[in-house]
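Encoded as structure tokens, the structure appears first; notes follow it.
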Amino acid sequence: MTDIVCPLCQPSGENILWQDETCRVTLAGDADYPGFCRVVWQDHVKEMSDLDTAQQQRMMHVVFSVETALRDALKPDKINLASLGNVVPHLHWHIIPRFAHDKHYPNPIWGEPRRESTTRRDDYLIAGILKAALAQRLS
């Protein structure tokens, strides 16, 4: 059996917005999707059902707190929530603010683009706003 290094167990270069002993929130830094965040469970587990009820509730509380912070800060047209893990089988959620002008809207971001990207972002500003909002919501 081959030892596979999990990129979420041994991350490098993450822009961490908030973390505690159970999970962390990172800014994905996707130029086409400002505010795209991930909530990553700190321990290596594959599925939500690997967590006990309290852990599941904690994970979803963090996911919903990120969603609320993004809605308040960026005023997107929609928020997409996704937990796939097909490529990286380590429990994590994608929280993706969607705008009617983004390159895939209304389709999922992993499909064929519908238009050229016109999105402009300021990761430093977005990170600062989200760090403050998450600290307030998750403290």
Only one of (1) within 29 Å of residue 119 (Cβ to Cβ); (2) part of a loop (DSSP other than H, G, I, E, B); (3) free of Cβ contacts under 8 Å to residues at least 24 places away in the same chain fails for residue 5. Which number is that?
-> (1)
Please identify the pairs in which a residue from the range 33-58 that is free of Cβ contacts under 8 Å to residues at least 24 places away in the same chain has its Cβ atom under 8 Å from the Cβ atom of a residue that is in a loop (DSSP other than H, G, I, E, B), counting only partners at least 6 apart or on another chain.
-> 42/21; 42/22
Out of 31, 73, sole residue that is touching a Lys or Arg at 6+ places or on another chain (Cβ under 7 Å), closer than 21 Å to residue 119 by Cβ and modelled with pLDDT under 95 | 31
Count, please, the residues in the range 1-21 that happen to be surrounded by 15 or more Cβ atoms within 10 Å (Cβ to Cβ) and of a type outside the set (D, E, K, R).
-> 5
Which of the residues spanning the range 103-139 are of a type in the set (D, E, K, R), crowded, with 16+ Cβ neighbours inside 10 Å and over 21 Å from residue 25 (Cβ atoms)?
-> 103
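The values are calculated or read from the model by the stated rules, or taken from the named source; none is laboratory data. On a predicted model such as this, the values are computed, not experimentally measured, just so you know. Using ideal geometry, Cβ is built from the backbone for each residue, glycine included, and neighbour counts are taken over all protein chains shown.
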